[in-house]
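Colleague: One structure is given below, represented as structure tokens, and several questions about it will come after.
The values are calculated or read from the model by the stated rules, or taken from the named source; none is laboratory data. Keep in mind that this is a model prediction, so the values were computed, not measured. Please note: Cβ atoms are built from the backbone with ideal geometry, for glycine as well, and neighbour counts cover all protein chains shown.
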Amino acid sequence: MTLTDRTLTDRLTDFANPTRFLALTARVLPWLMAITAVLLAVGLYQSALAPDDYQQGSTVKIMFIHVPNAWLSMFVWGVMSLASLGTLVWRHPLADVAAKSAAPIGAAFTFLALVTGSLWGRPMWGTYWEWDARLTSVLILFLMYLGLIALWRAVEDPSRAARAAAILTLVGALNLPIIKFSVDWWNTLHQPASVMRMGGPTLDRAFLIPLLVMAIAFSFLFVTLHLAAMRNEILRRRVRTLQMLQAQMIQAAQPSGDTANAARGEAALKSTIGAA
Amino acid sequence: MALFLDLGPYTSFVLTSYLLAAAVVAILIGWIALDYRRQTRRLRELEERGVVRRSGRSATEIR
């Protein structure tokens, strides 16, 4: 192993330490919040100034929210997939924390992509919803986010939940290329890619610049919220550890031989209180 | 602001989209901020009852 290898490993190990991660988060979060607020303000100002499209009219402004949220809905699942690999392959201590914390944020972005798309579709397509390939595959993505959140809540032990959630996330990642290429593979109402495409964007600068600023702003928003949610998850696990420690302390304090009776008495008391 | 309000026949669709996005982002921020306060409060309560980490360091210590 070379000196560089050791340094890289040391750095990864440092980052894997939850206490050091919390310290890093405390330093970085205020800056991220400030950058996100400024970018969102600039993006909203540019969106307000953007001209109406000759076909879409003012509904083009919906695109400045819809497109960043649609991109992030897939990006967040990508982040969760990488974190799932970290859980299953490298057993990184923060990997499942990252995956679990990202799910509600990804669900919120996907919800916004669906609803803003629907609000754009009504005046432009004449319908709020159409069961075409792009819309349906994004709806499936949203349902998978909800399924993952339910799975995390259903299994009490975080390490057991992490493995099941990681497998489900990696299976769900198969939906990402389907979403991306659905507009090319099938005949859909949804227009094909107009920014990330071979030959460059087809959008005019008047629309492209506000769109990119809003996309960067929402990306910073995701990073900020994700780090804050990861910090909360680490603290939640500390609470759980201390509660288990407290239970052990109570058990150890019971007179020997009488523990089972004491536990039964405590359970009976709780059920009595619950019934009352 | 007048630019936002002068959206022609699609005002309701555009405004609803922006207001909904603002509401969802505000809910996310509020939920995460409240969750942080709840977890730190629970940790402090546990420490006040004498339950401490094996390392002896405070569980709320994040710096």
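Colleague: State which residue is modelled with the lowest pLDDT when the search covers only region B:34-54 and only residues that are in contact with a Leu (Cβ under 6 Å, 6 or more places away or on another chain) and part of a helix (DSSP H, G or I).
Modeller: Residues of region B:34-54 in contact with a Leu (Cβ under 6 Å, 6 or more places away or on another chain): B:39, B:46, B:51.
Next, only the ones that are part of a helix (DSSP H, G or I) stay: B:39, B:46.
Values: B:Q39: 95, B:L46: 88.
Only one residue fits best here, namely B:L46.
Colleague: Kindly indicate whether any position in region B:10-33 is in a helix (DSSP H, G or I), on the phi > 0 side of the Ramachandran plot, in contact with a strand residue (DSSP E or B) (Cβ under 8 Å, 6 or more places away or on another chain) and facing chain A (nearest Cβ under 7 Å).
Modeller: We begin by selecting, within region B:10-33, every residue in a helix (DSSP H, G or I); these are B:10-33.
Pick out the ones that are also on the phi > 0 side of the Ramachandran plot and you get none.
Scanning region B:10-33, I find no residue that is in a helix (DSSP H, G or I), on the phi > 0 side of the Ramachandran plot, in contact with a strand residue (DSSP E or B) (Cβ under 8 Å, 6 or more places away or on another chain) and facing chain A (nearest Cβ under 7 Å), so the answer is no.
Colleague: What helices (runs of 4 or more DSSP H) completely inside region A:133-193 contain at least 1 residues that are in contact with an Asp or Glu (Cβ under 7 Å, 6 or more places away or on another chain) and either small (G, A, S) or at pLDDT below 90 (or both)? Please lay out each step first, then the result.
Modeller: Numbers: elements: A:133-154, A:158-172, A:175-185.
Because the criterion is at least 1 residues that are in contact with an Asp or Glu (Cβ under 7 Å, 6 or more places away or on another chain) and either small (G, A, S) or at pLDDT below 90 (or both), the helices (runs of 4 or more DSSP H) in region A:133-193 that meet it are A:158-172.
Colleague: OK, next. Could you grab me the full set of residues in region A:26-66 that are aromatic (F, W, Y) and either in a helix (DSSP H, G or I) or over 21 Å from A:G117 (Cα atoms) (or both)? Give the steps one after another, and end with the answer.
Modeller: Of region A:26-66, the ones aromatic (F, W, Y) are A:31, A:45, A:54, A:64.
Passing the criteria: A:W31, A:Y45, A:F64.
Colleague: So the check is Cβ under 8 Å with 6+ separation or different chains; which pairs have a first residue in region A:240-251 that's at the interface with chain B (Cβ under 7 Å from one of its Cβ atoms) and a second one that's at pLDDT 90 or above?
Modeller: From residues that are at the interface with chain B (Cβ under 7 Å from one of its Cβ atoms), the pairs are A:L242/B:L43.
Colleague: Checking the condition buried (at least 18 other Cβ atoms within 10 Å of the Cβ), among the polar types (S, T, N, Q) and more than 14 Å from chain B (Cβ to nearest Cβ), which residue from A:T59, A:T87 passes?
Modeller: On the way: A:T59 fails: more than 14 Å from chain B (Cβ to nearest Cβ).
Result of the check over A:T59, A:T87: A:T87.
Colleague: Next question. Given the conditions (1) in contact with a strand residue (DSSP E or B) (Cβ under 9 Å, 6 or more places away or on another chain); (2) crowded, with 20+ Cβ neighbours inside 10 Å, which single one is not true for A:A217?
Modeller: It fails just one condition, (1).
Colleague: Still on this structure, I have one more. I'm checking my understanding of the structure. Among residues of region A:96-154 that are surrounded by fewer than 23 Cβ atoms within 10 Å (Cβ to Cβ) and aromatic (F, W, Y), which one is farthest from the other protein chains (Cβ to nearest Cβ)?
Modeller: Only one residue fits best here, namely A:W131.
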